[in-house]
Amino acid sequence: MFKSYGQDTTGFQGFKAPKLPGIQHVIKSNIIPVLIGQIPYCGELRVTYEHMITHNQSISAGFAYNFPNLFLLLATAQNGSNSLFHTYSMRGARADIGYRFYPLKEEEAPEGLFFGPYISYNFVKIAEKHGDNYQVVNYFNASGVAGYQFMFDGFSLEVFGGLGYRNNFILKYDSHINQTYTTGLPVVIDLGKFKYVKIVAQINFGYAF
């Protein structure tokens, strides 16, 4: 006659924990950016971390430290004080964030085909070592990417690429006129409307656990 609420099993049972794969973390890097980074004359010491949030979705975040690449350092050492960059310092950083969806059910993520958005910001400050003048090279990119991640006994190899939007510019400070202004990057080939088109291509190696 009376309903016992203590025995009711049809009500709210709480939120279910998301289903997660056996591998939930991947730490990645690549030696190529150390030699030649995204910004000319710079190398990147880059590390990326991917974390699974469900069985087929993940988020990733990366950071890199920018410095003069090996070829620039060799040229500076060879030319000594005659080198253009002998009196300049070059330092900067890169940060990126991305989301991935793994659509193939027959493969357990983070192995397999994936796609999703990818955003990065990269900068390097070129400053006089004995002066106040400097310029900051800025690279901002927002892209859609697709790729594949392979797994080999706890190690990963990923390849991905895509297209998107880019906004690259230089912020300059001239101490002679005490003014900061913005300019575009030096142009080798006039791309017209396509100067804002970003082409993404990366290969990374990592440790999965």
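Computed from the coordinates by the stated procedures, all read-outs in this text should not be read as laboratory data. Model, not experiment: these values are computed from the prediction. All Cβ positions, glycine included, derive from the backbone under ideal geometry; neighbour counts span all protein chains shown.
Descriptive notes on the structure:
- Stretch in the chain that is longest and holds no trypsin sites (Lys or Arg not before Pro) that DSSP places in a loop and that have at most 10 other beta carbons within 10 Å: 20-104
- Of I59, N204, F150, farthest towards positive along the dipole that unit charges on Lys, Arg, Asp, Glu beta carbons give the chain: I59
- Taken along the Cα-to-beta-carbon direction at a fixed 7 Å, the label points for I31 and K105 span 4.2 nm.
- Where the Cα pairs of segment 44-162 fall when distances are cut into 10 Å bins, in %: 12, 33, 24, 17, 11, 3, 0
- Ordering D96, D190 from the fewest to the most neighbouring beta carbons within 10 Å gives D190, D96.
- What the Cβ-Cβ distance of F209 and T180 gives, at R0 = 45 Å and to the nearest 0.05, is a FRET efficiency of 0.45.
- Kirkwood hydrodynamic radius (C-alpha pairs) into Stokes-Einstein, the chain, 4 °C and 1.567 mPa s, D in µm²/s: 64 µm²/s
- Too-long pairs where the Cα-Cα distance tops 20 Å, listed order kept, from K28/K125; K105/K198; K19/K105: K28/K125; K105/K198
- Residue order, fewest to most surrounding Cβ atoms within 10 angstrom, among I199, I126: I199, I126
- Debye, to nearest 20: dipole size of segment 20-208, +1 on Lys, Arg Cβ, -1 on Asp, Glu Cβ: 540 debye
- Cβ-Cβ FRET estimate between K125 and I59, R0 fixed at 25 Å, reported to 0.05: 0.30
- Degrees separating the helix 70-79 axis from the principal Cα axis of the chain, which is the longest one: 10 degrees
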